[in-house]
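What follows is a single structure, written as structure tokens, with notes after it.
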Amino acid sequence: MKLLKISLLTLFLITNFLNLQAQSKIKSYAQKKGQVFDIIFLNTKPDTKKKLDNYFKTAFPVAEKMGYHPLPGRAVSGSPTQGNYHPEVMVFGYWDTLSGREKFLQEIEKTMPDFHQERRNIWSTFGLTYYELKEDLSFKIDPERFNITTAYWQKDEQSFKKFKQEWLQKSKKAGGQIEIEFVEGTSPFGYHYNPDYLVITSWENKAAFEKFYTENLKMNHSSVKHVNQFQIK
């Protein structure tokens, strides 16, 4: 039974990481205050199936014991609309507690001494940000809509605050829906990807987004240090 459970978990995670495609049903996410929400952006190297299988079999039972729960991730579709990073997939998960999340990286090398090197062997990029939830979280992603993930890094808080307010106003006016916003994240050493503001918006279609996108590019970006933006399905 234990081997069956591990095999099924491995199958699910390999599918989640490698074969994410547009799905016909809305995916809903609902986590509780005090839990920790993971967002990981990945690019997987070719010919790593055996390494992946061993990684999942070894690392994920340890993560589960410390309160980790995988969630349906999203494939990145097409070329990025802004920025210099093109991940293949946006992976979601959550931990029961912050202490469990942090303890995992402290303890995993006792079970898997080459844990970090194996991640480098499997993934050419691995950007991780986690967020301790200050309140209950609830959002959805409808693959029938045009979904965009945008990550901003600010130059300074005050000027970026004005930029963000204008950005949100333009988005709403153009018909965009804010599905979820993330701030105050943490990136572990070696996996840095920690934007000051990460937001998922949804649009009726590509044309609706592109109307906003044209206006977005005209905005004054002097308060913005960097941006990544891409469609997810």
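The values are calculated or read from the model by the stated rules, or taken from the named source; none is laboratory data. Predicted model, so just to flag it, every value in this text is computed and none were measured. Because the Cβ atoms are built from the backbone with ideal geometry, glycine has one as well, and the counts that use them run over all protein chains shown. For accessibility, only protein heavy atoms count, side chains too; no ligands or nucleic acids. Shrake-Rupley method; radii C 1.70, N 1.55, O 1.52, S 1.80 Å.
Among Lys65, Lys218, Lys51, the largest mean-square fluctuation in a Gaussian network model of the chain, built with springs joining Cα atoms closer than 10 Å, belongs to Lys218. For the chain, the fraction of 1.4 Å probe accessible surface lying on carbon and sulfur atoms is 50 percent.
Amide H to amide H distances under 5 Å link Lys45 with Trp123, Ser124, where only residues 5 or more positions off or on other chains count and H is placed in the peptide plane.
Full extension of the segment from Ser138 to Asp114, taken as 0.36 nm per residue of separation minus the current Cα-Cα distance, would add 5.1 nm. Within straight-line reach of Lys51, meaning a Cα separation under 19 Å, sit the following aspartates and glutamates at least 8 residues removed in sequence or on another chain: Glu88, Glu109, Asp114, Glu118. Of interest is the spacing of the C-alpha centroids, which for the range 185-212 and the range 19-96 amounts to 15 Å. Phi angles of the range 140-150 translate, via the Karplus equation with coefficients 6.51, -1.76, 1.60 and θ = phi - 60°, into HN-Hα couplings of 9, 10, 9, x, 7, 9, 9, 9, 10, 9, 10 Hz per residue; Gly and Pro are given as x. Take Asp156, project a point 7 Å from its Cα along the Cβ direction, then tell me which residues of the range 213-231 have their backbone nitrogen under 18 Å from it. Hits in the range 213-231 for Asp156 at 18 Å: 220-226. Relative to the longest principal axis of the Cα atoms of the chain, helix 49-65 runs at roughly 90 degrees. Taking every DSSP bridge with both residues inside the chain, close to 100 percent are antiparallel. When the C-alpha to C-alpha distance is required to be over 21 Å, the pairs from Lys65/Lys103; Lys25/Lys49; Lys162/Lys225 that qualify are Lys25/Lys49.
With the gyration tensor restricted to C-alpha atoms of the chain, the semi-axes of the equivalent ellipsoid amount to 32, 19, 17 Å, longest first. Accessible surface for Thr44 stands near 20 Å², nearest 10, in the context of the full protein assembly shown (1.4 Å probe). Based on DSSP H segments of at least four residues, each scored -39500 (n - 2.57), the chain has a per-residue ellipticity at 222 nm of -12000 deg cm²/dmol. Once both axes come from the Cα atoms, what is the angle between helix 157-173 and the longest principal axis of the chain, in degrees from 0 to 90, rounded to 10? Value to nearest ten degrees: 80. In this entry, the range 105-181 is assigned a mean projected area of 8.8 nm², taken as a quarter of its C-alpha convex hull surface.
Using a probe of 1.4 angstrom and keeping all protein chains present, the accessible surface of the range 27-232 works out to 49 square angstrom per residue.
Heavy-atom accessible area, probed at 1.4 angstrom with all protein chains present, ranks Lys25, Lys32 as Lys25, Lys32, highest first. To the nearest ten degrees, helix 206-218 and the longest principal axis of the Cα atoms of the chain are 70 degrees apart. Sequence neighbours fewer than 8 away in the same chain don't count; with that in mind, list the lysines whose C-alpha is under 17 Å from Lys134. Filter leaves Lys32, Lys33.
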